[in-house]
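The values are calculated or read from the model by the stated rules, or taken from the named source; none is laboratory data. What you are looking at is a predicted structure, and each value in this text was computed from that prediction instead of being measured. No Cβ is skipped: glycine too gets one built from the backbone with ideal geometry, and neighbour counts run over all protein chains shown.
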Amino acid sequence: MSLTAWDGHVRVDYLPMRGRVHVTLLTAEPTVEADLRPGLRAAFVDDDPHGPPAFIALPVEAGGRLPTHVRDLLGERLFAIAEQVVDHAPRSRWTRLDLLALDDLAAVWAPYRHRVLATVADPGTRDAASGARGPVPGLSGIGLSGIGRWANGLWALLGVDDLRRGLAALPSADPVFMSGGVDNGSVDDADDFDDSLENPSIGGGAEDTAAVAAMGTWELPADIAVAAGVRPTLRWEVRRGMVDVVAEPAGTGPPRARLSVSFDDGSERWESLVMGPSGLLRATIWSATEPDRAPTVRIRTEELP
Amino acid sequence: MTRRADAARFARAAWAVLDLLDPADLDRVLSLFAGAEAAVAAMCTCAAGVQARLHGNVSPEQEELLLAATLSLGRGGAGVHRNLANAADRFEVLLRQPGTPPEVAIAVRGKDPAEFVLRLGETHHIDTVLAARRDEPPMLRMMVAAAVAVSRPDAGCGDEAAATVLDRGAELAAMCRDSGLSAPGASLTVRGNADFLLTISGYAHAIQEWRGLPGRGDAAAASCDGAQRCVSDVMGRLTCLEKDLHRAMTVPDTHPARRGTDEPDVVTFWSAAAVAIGGSEAGRVFDRLHRGLRDIRLTPARGTLPVAPGELAIHRTGTHRTGTYSAGHPAAQAGGHVEVLAVADALATRMVTSLLRETSVTERAIVADWVRGRRAPDVTDGLPLLLRRLRGLMRELRDPEAHPAGPAWPTQPFGLEALAMIGSLRDAIASHARRAPGNDSAVELAASVLPPLWTVRTPIIRALTQRIKMDEEWRGWNNHGKALVLAATAARGPGQVAVRASTAPHPVASCTSELTETGHPRCAMRTIGIAVDRTEVCPARPWHETGFIESFQTLGGLVDDLPDAIRKRVDRARNDAVVWPDLTELDQP
């Protein structure tokens, strides 16, 4: 039996002591594994540019609940099984996914897969013991943009190196970063964050007049820009220790999808870009990590009804 | 009872026994004879000899066992026993265990102790019960069934014990995954997957627990100390398995453990894994019982395939030369109700005969599930087999003169299923012909009624690409681009053609387009319900639509190569790869 991840034999395990769910696709192919963000770990088959994740480790919330965003990551079928094993014994269940379900799963994870496999795409870094292997076009090719596709939209990872440099260059007196997002002027899990009280309108789309301490741009994947009706160049600005993400409407009619951004730090706080008085779309995000280790920024579209 | 009646009944039993063989074993037996009939004759002669030694004491229920006993299927070679004493020994072993199902009997060798035969039977029973209730991969399920059966061959309730072991083993594997493997696979010295080995090692430990502490399950392991011990034990087993895998993947072709130079290395690993889970006895049971273990190659071995019949499928641009089956049939001239049924019946019979020709019983079940619509599309099970049968059928239908229908493989044990297959195809063909009367050729009729193996083509190409790399890896042949090109030529519906020309794809207005890995646009999905002309190349052709689906140009777009380079690449690959030629042939424009 030549078993590949595409054969779709999947086991879902719940580890109560660790508060974690594992998803393992049985395969005889070698994989590359990496931590994707706090609590989230995944492995991908090392020479399959389109394959589903062969292994996923996900955190379970205290009290044995699966966070709702896990549904996006696993798809309905695996999510339902994960709920079963979290709910009651046996704590492991096998199931079988068909090619369409596997392809959907692979599509959700594309940006992460792209990033993890990029670490093996350079032939120089490959293990000599694995023998001479032909190049895998998708790993270095231009066609594989690393856009993820999930139930109601697209998502992608944005580059973080410039942003880290920008944040690190800030004067040390600048306010510390804290996890979370600013939502309608109130801060959920950071009660002592005074800034938002002084200036309750930030995050609501209003222009902040504070000085820009650093700035740069991201190129959006074309599909995402088109869906959201914005120009493909996204600007980021650091002010008051927070990151403003600014997009310019493309002027091609009403957008089909709403655009949101978030730091990929496990908090799952998405901030929608909202139209401000100057005609630009804007959202504000922030992270509690050290500036030089700021998490990757994610962007997503959500289809408008 | 007359000698002649004996001979006829023996022949029937012999066909039934051949039918139960692994495809690879069947192949090995047949390769020694001029044809299946000659093999059956030799089996009957041997059976008659054994019967004479026993002074004629063979009851009708024992006939299949007797004919099974005439075959020798050891590691060294296969064939029909020349030495009557050996066949008689084997028959005697089988008689000692009344009620042994034939699919188990076929796995029994002469000189097997009665207890071993009992264990084969128990393993088969447990495995069958579990298969109906659980979703474990079949290979692992049978390893655990064998491990349980050899521990308590006659205790009964083996299926419940095996279910407990399967649950516990999975739990252990998950626990160890959590605590140990930071870089899974880093310690593997050959290509392979550590999670896979960990799953096996979890079952191995679960078997130990079950043998040592019957009745105690999670309670014992829940304590932290116990859990720690379990983890270190499982990790220890993992190290041993890694060595087993390395050994298995580096066995020289000429080693006696190998059945032939074309047997993939990994086969020996499956046996090692069964031993790791249940001990050497369980390993022997698994080896004997596991159907298809030696059939992991994609092609049947050389002997079974009818000699490639001149691959004549010729397509001239604009004028398809397709089979004259329906037009040439006398009944087709009139075109009335009865005539439509007659044409449909003739075509359906020919299709089923071709699809089932020289298949083993396991293969036949896969084909029947597909033809009768019991198989869900978009799964990989048996896919290479079905594609291979499909290509053979379509070659025959395109050019019936070059492929005379020939005698059908006797379908006796399978007669009802074959009739049902013919019936369902006939009804579908007839209703299609009534809906669209006119000039449908045999190829088009067949293409319109064979149930789809996939609903979307891209995932199947991706799955086949990985599968080809796995299959060819052991030959030192692993190249993503090459595998991708072969997968795209193999993944095509019944009336679809990978054309040997640089034909450009059709204008994509009727399809959504996607970018390939190398950034070339390619049809992804048909959006308008109008068929694309059959001489235009469309990689997104739905299953039932006939016409060109790939060309050197579309294949080149997959891997960023020029059409001419693709032509060379495909030809070279067809020479290098033993596995794929009959699935990946391209047709002349």
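Data overview
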quantity: Residue match in region B:512-522 (condition: farther than 22 Å from B:P377 by Cα, among the small types (G, A, S) and out of contact with any Phe, Trp or Tyr (no Cβ under 8 Å at 6 or more places or on another chain)); calculated: yes
quantity: Positions within region B:316-342 being part of a loop (DSSP other than H, G, I, E, B) and either buried (at least 18 other Cβ atoms within 10 Å of the Cβ) or modelled with pLDDT under 50 (or both), in sequence order; calculated: B:T317, B:G318, B:R321, B:T322, B:G323, B:T324, B:H329, B:A334, B:G335
quantity: Residue check for A:L99: modelled with pLDDT of 95 or more and surrounded by fewer than 23 Cβ atoms within 10 Å (Cβ to Cβ); calculated: no
quantity: Subset of region B:503-524 [under 33 Å from the mean Cα position of the chain (by Cα) and either of a type in the set (S, T, Y) or exposed (fewer than 15 other Cβ atoms within 10 Å of the Cβ) (or both)]; calculated: B:T516, B:T518
quantity: Hits in region B:533-547 (condition: buried (at least 24 other Cβ atoms within 10 Å of the Cβ) and farther than 14 Å from B:R457 by Cα); calculated: B:V537
quantity: Residues satisfying the stated conditions in region A:218-241, i.e. more than 16 Å from A:G159 (Cα to Cα) and over 19 Å from the mean Cα position of the chain (by Cα); calculated: A:V226, A:G229, A:V230, A:R231, A:R239, A:R240, A:G241
quantity: Within region B:458-472, tally of residues that are more than 19 Å from the chain's Cα centre (by Cα) and modelled with pLDDT under 80; calculated: 0
quantity: Residue that is farthest from B:A488 (Cα to Cα), among those in region B:527-539 that are of a type outside the set (V, I, T) and under 31 Å from the mean Cα position of the chain (by Cα); calculated: B:C538
quantity: Members of region A:1-30 found to be among the charged types (D, E, K, R) and either without any contact (Cβ under 8 Å) to a residue 24 or more places away in the chain or touching a Cys at 6+ places or on another chain (Cβ under 6 Å) (or both), listed by number; calculated: A:D7, A:R18
quantity: Identity of the residue in region A:1-15, in contact with a Phe, Trp or Tyr (Cβ under 8 Å, 6 or more places away or on another chain) and facing chain B (nearest Cβ under 7 Å), that ends up surrounded by the fewest Cβ atoms within 10 Å (Cβ to Cβ); calculated: A:M1
quantity: Count of region A:272-297 residues which are surrounded by 21 or more Cβ atoms within 10 Å (Cβ to Cβ) and closer than 19 Å to A:P221 by Cα; calculated: 5
quantity: Index of the failed condition, B:Q553 passing every other in (1) in contact (Cβ under 8 Å) with a residue 40 or more places away in the chain; (2) within 11 Å of another protein chain (Cβ to nearest Cβ); (3) surrounded by fewer than 24 Cβ atoms within 10 Å (Cβ to Cβ); calculated: (2)
quantity: Wholly within region B:436-544, strands (runs of 3 or more DSSP E) carrying at least 3 residues that are within 14 Å of chain A (Cβ to nearest Cβ) and farther than 29 Å from B:D564 by Cβ; calculated: none
quantity: Count of residues meeting criterion [closer than 17 Å to A:V108 by Cα and surrounded by fewer than 20 Cβ atoms within 10 Å (Cβ to Cβ)] in region A:36-57; calculated: 3
quantity: Selection count where residues are at pLDDT below 85 and among the small types (G, A, S), scope region B:343-400; calculated: 2
quantity: Listing of helices (runs of 4 or more DSSP H) fully contained in region B:115-227 that carry 3 or more residues being more than 8 Å from every other protein chain (Cβ to nearest Cβ), at pLDDT 90 or above and buried (at least 20 other Cβ atoms within 10 Å of the Cβ); calculated: B:138-151, B:158-179, B:194-212
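Here's the yes/no breakdown for (1) aromatic (F, W, Y); (2) in a strand (DSSP E or B); (3) in contact with a Phe, Trp or Tyr (Cβ under 7 Å, 6 or more places away or on another chain); (4) surrounded by 22 or more Cβ atoms within 10 Å (Cβ to Cβ):
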site: B:A38; (1), (2), (3), (4): no, no, no, no
site: B:G56; (1), (2), (3), (4): no, no, no, no
site: B:L67; (1), (2), (3), (4): no, no, yes, yes
site: B:A85; (1), (2), (3), (4): no, no, no, no
site: B:D89; (1), (2), (3), (4): no, no, no, no
site: B:V104; (1), (2), (3), (4): no, no, no, yes
